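Since the structure comes first, as structure tokens, the remarks are kept for the end.
The values are calculated or read from the model by the stated rules, or taken from the named source; none is laboratory data. Just so it is clear, the structure is predicted and the values come from calculations on it, not from any experiment. Counting neighbours? That spans all protein chains shown, and the Cβs are built from the backbone with ideal geometry, glycine included. The accessibility values were calculated without ligands, DNA or RNA, using every heavy atom of the protein model including side chains. Shrake-Rupley method; radii C 1.70, N 1.55, O 1.52, S 1.80 Å.
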Amino acid sequence: METFNEYHLDPKQFPFLNTLQENWEAIRDEFTNFRQKASQEELQFTFDVMGPKSQTIKTKGKSKYSAFGVLFQGLFIEQYIQVHQIQYPQYELQDVPEKARELRERYFPNLTKAIEATNSLNDNILRNVYFGTFLPGLDVKLHVNYNPHMNRGYLGLIVPEGDVAMKICHDKLYWHEGEFMILDHSYPHCPHNYTDYERTVLVVDFFKPENSREESLQFERELVSQRMEENPYSLGVFGKNDKATTEDFIKYNLSHQLEWDKAL
């Protein structure tokens, strides 16, 4: 029987995630269809524009992490780009927000509907929703994602057998297809994929229901403003305060990671 604690949370506490979980196969199929049917131009645009980029989280070696999504800080991607006036010089001749909207609506209608249904009934509790893919061999350096008002859910979409896991504090947790893993990412954590296959989950950041929504929104505004100033292509997801302390590396027997310096 699975056990839970202050950083590994029971998904049953968050029934508003049920709509996404109930539609996990349709969401997975939208992801695989996009990967198979989208043109190379569409794939590149999605990677360049619709995926949060980190300049601070590091990995070992050349294996990478790929991410792209449809919702950031409670706004669909095209709205987020417009609100923050993000500039993409390589696409200066295109209407970037309109292109992002068109791709979202064409390739991810079921995901979009599930987000809209959830947020309409729960005061926009979902903040970030994006696909995260670990390439084979990925080993991510210990880090934190400090936000006392946010939890992060991972809905397993494509999970190979073998050692593909999340280390958080002293625990090692495994993803399962069709199930949510819920974490408080304020605690030090580092995922890896030691298999020969890709792993893809739907990352879902949501406000802690027990916290004041006013305080949660205020903290989000301040944090996102800081992160967007540091790196507008982070889409407010990553920032300099993601770094774990040296003491954390020692405490969790990960001192060897201190030398890793490859960008995620």
Checklist outcome for this item: For the stretch 77-121, shape from the Cα gyration tensor axes a ≥ b ≥ c, cut at a/c of 1.5 then a/b versus b/c, turns out oblate
Checklist entry - So what's the chain giving for Rg/Rh, alpha carbon basis, Kirkwood Rh from the mean inverse pair distance? => result 0.93
Item to check | Gain upon complete extension [Thr245, Asp123; 0.36 nm per residue less C-alpha separation] | outcome: 40.4 nm
Checklist entry - Using Cα pairs under 8 angstrom and six or more residues apart, how large is the relative contact order of the stretch 129-257, in percent? => result 34 percent
Item to check | the stretch 1-99: trypsin sites (Lys or Arg not before Pro) falling in loop per DSSP and having at most 11 other Cβ within 10 Å | outcome: Lys62
Checklist entry - Please state the equivalent ellipsoid semi-axes for the stretch 3-136: what are the square roots of 5 times the Cα gyration tensor eigenvalues, largest first, in whole Å? => result 25, 20, 16
Checklist entry - Using a basic spin-label model with each label point 7 Å from the Cα along Cα→Cβ, how many nm lie between Asp171 and Gln94? => result 4.1 nm
Checklist entry - So which GluC sites (Glu not before Pro) in the stretch 69-122 pass both tests, a DSSP loop state and at most 13 other Cβ atoms within 10 Å of the Cβ? => result Glu92
Checklist entry - Of all the accessible heavy-atom surface of the chain, with the other protein chains kept in place and a 1.4 Å probe, what percent is carbon and sulfur? => result 48 percent
Checklist entry - If the viscosity is 0.890 mPa s and the temperature 25 °C, what Stokes-Einstein diffusion coefficient in µm²/s follows for the stretch 63-208 when Rh is the Kirkwood radius over Cα pairs? => result 149 µm²/s
